[in-house]
Amino acid sequence: MTVRVAVIGSGAIARDHVSALARIPSVEVVYVFGSDLDRAASVAALAPGAKASTDLAKILADPSVHAVNVVGATPDHAPVTIAAGRAGKHVHVEKPAALTVADFDAMVEATEGGGTSLMVGQTVRFQPSISSIGNSVAQGAIGDPRLIHLSWYTGHVWPGGWRGWQHDKDRSGGHPVHNGTHALDLVTWLIGRRPIRVFARSFPTFAAGMPVHDSFHLTVRFEDGSLALIELAYALPQSGKMVRRIVVSGTSGTLAHDTGDDPGLMTDTTNAPPSSIEDAMAHQMRHWIATLDGSATPIVENWQVRAALATAIAAQQSLDTGRAISIGEHR
């Protein structure tokens, strides 16, 4: 069976998604939607036969479209996902899935509640190094995970900086939601339990004049007393650079990975990503399609996504108030 997919979004992330989907033999990218037809056409050109469109209603009404991949700006995720679910489409949506827990619940209800499916694109889980750690934890290699220490520096947004909507907390959710969702989903997945309390602090490291601080620390406590310590900084001056170290300690062992140990050339002038994160988007898209044809069980569970989103929202509340926040004091 060929899975016919419409991609909703025409930015840089949409290009990554379309390129990955175009590599899957059982997938046909039918449409690329964007508010600017020329930009949508540029993205559609990455997949043979894909059509550019500015008419979302027409795309969702097309009975030949089986699934919709929502990769636009975060404020659009909930309304587009809900509309697609009500139109009978399976949905994949980029992170962060929504700006509120209530919106995410409505997205799940519109899709899974109506007999289709919803998968959130937590790409980090599909990076080879993280996938290996996740498999080892699931197989009991370290017993029960009790402590995660994650230190993650990147220069993804530099030197150009973020666009205006990413500076606006009402539209992006703030830095813990917009970017911290990656880390919070990762630790929630590996611990395998619900976060109950978070404390956050932020500070400017590289972009002192930016309205949103580029770095923050999080302390997350889980329902069984497990702990995650997260240091996340978009502070490296070289765009595209990444330095990450993760340590997962359990009752009978410890797992760790450091991108500095990856093989290959690493200099101030090279811009290749670490080999340990290579091709994660392709792995993610193949997994999504496999869940649609029933050949794979979803790796990303929506209770985990919901818990990580609630924690990210609480982390922003912690930044705003200067106090630790119990998960659930917010919507």
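Some values worked out for this structure:
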read-out: log₁₀ of I(q)/I(0) at q = 0.14 Å⁻¹ - the stretch 17-110, Debye sum with one point per alpha carbon; value: -0.50
read-out: Within-12-Å neighbourhood charge of S275 [Cβ basis; K, R +1; D, E -1]; value: -4
read-out: Protection proxy ranking of 120-133, 56-69 - average other beta-carbon atoms within 10 Å, highest first; value: 120-133, 56-69
read-out: Fraction of beta bridges assigned by DSSP in the stretch 2-145 that are antiparallel (%, nearest 5); value: 0
read-out: Accessible area of the chain divided out per residue, in Å², using a probe of 1.4 angstrom; value: 42
read-out: Per-residue HN-Hα couplings for the stretch 37-47 [Karplus 6.51, -1.76, 1.60; θ = phi - 60°; Hz; x = Gly/Pro]; value: 5, 5, 5, 4, 5, 4, 6, 4, 5, 6, 10
read-out: Alpha-carbon Debye profile of the stretch 29-176, log10 I(q)/I(0) at 0.16, 0.19 Å⁻¹; value: -1.08, -1.26
read-out: Using distinct alpha-carbon pairs, which all enter the 1/r mean, Kirkwood radius of the chain in Å; value: 20.3
read-out: Principal-axis tilt of helix 101-111 within the chain, Cα atoms, nearest 10 degrees; value: 40
read-out: Candidate lysines - alpha carbon under 28 Å from K241, same-chain residues fewer than 8 apart omitted; value: K95, K169
read-out: Candidate residues I13, I325: accessible-area rank, largest first, probe 1.4 Å; value: I13, I325
read-out: Inter-probe distance in nm under a simple model that places probes 7 Å from Cα toward Cβ, at A12 and S136; value: 3.1
read-out: Size of electric dipole in the chain: Cβ of Lys, Arg +1 and of Asp, Glu -1, about Cα centre, debye, nearest 20; value: 200
read-out: E278 long-range amide H proximity, modeled H, under 5 Å; value: none
read-out: Amide H within-cut-off set for V29, under 5 Å, with H built and near neighbours excluded; value: V5
read-out: Electrostatic dipole magnitude of the stretch 54-156 [Cβ: Lys, Arg +1; Asp, Glu -1; Cα centre; debye, to 20]; value: 240
read-out: Long-range amide H partners of A50 with built H, under 5 Å; value: none
read-out: For the stretch 288-299, 3J(HN,Hα) per residue [Karplus equation, 6.51 cos²θ - 1.76 cosθ + 1.60, θ = phi - 60°, Hz, x = Gly/Pro]; value: 4, 4, 5, 5, 6, 8, x, 8, 9, 8, x, 6
read-out: Förster radius 30 Å - calculated FRET efficiency between R86 and R23 (Cβ-Cβ, nearest 0.05); value: 0.50
read-out: Theoretical gain in end-to-end length, S295 to A45 [0.36 nm per residue, Cα-Cα removed]; value: 87.1 nm
read-out: Sulfur and carbon atoms: percent of accessible area, the stretch 16-135 [1.4 Å]; value: 51
read-out: Simple label model, 7 Å out from Cα along Cβ direction - R171 to S64, nm; value: 3.5
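The values are calculated or read from the model by the stated rules, or taken from the named source; none is laboratory data. Predicted model, so just to flag it, every value in this text is computed and none were measured. Heads up, the Cβs are rebuilt from the backbone with ideal geometry, glycines too, and the neighbour counts pull from every protein chain shown. Heavy atoms of the whole protein, side chains included, go into the accessibility calculation; ligands, DNA and RNA do not. Shrake-Rupley method; radii C 1.70, N 1.55, O 1.52, S 1.80 Å.
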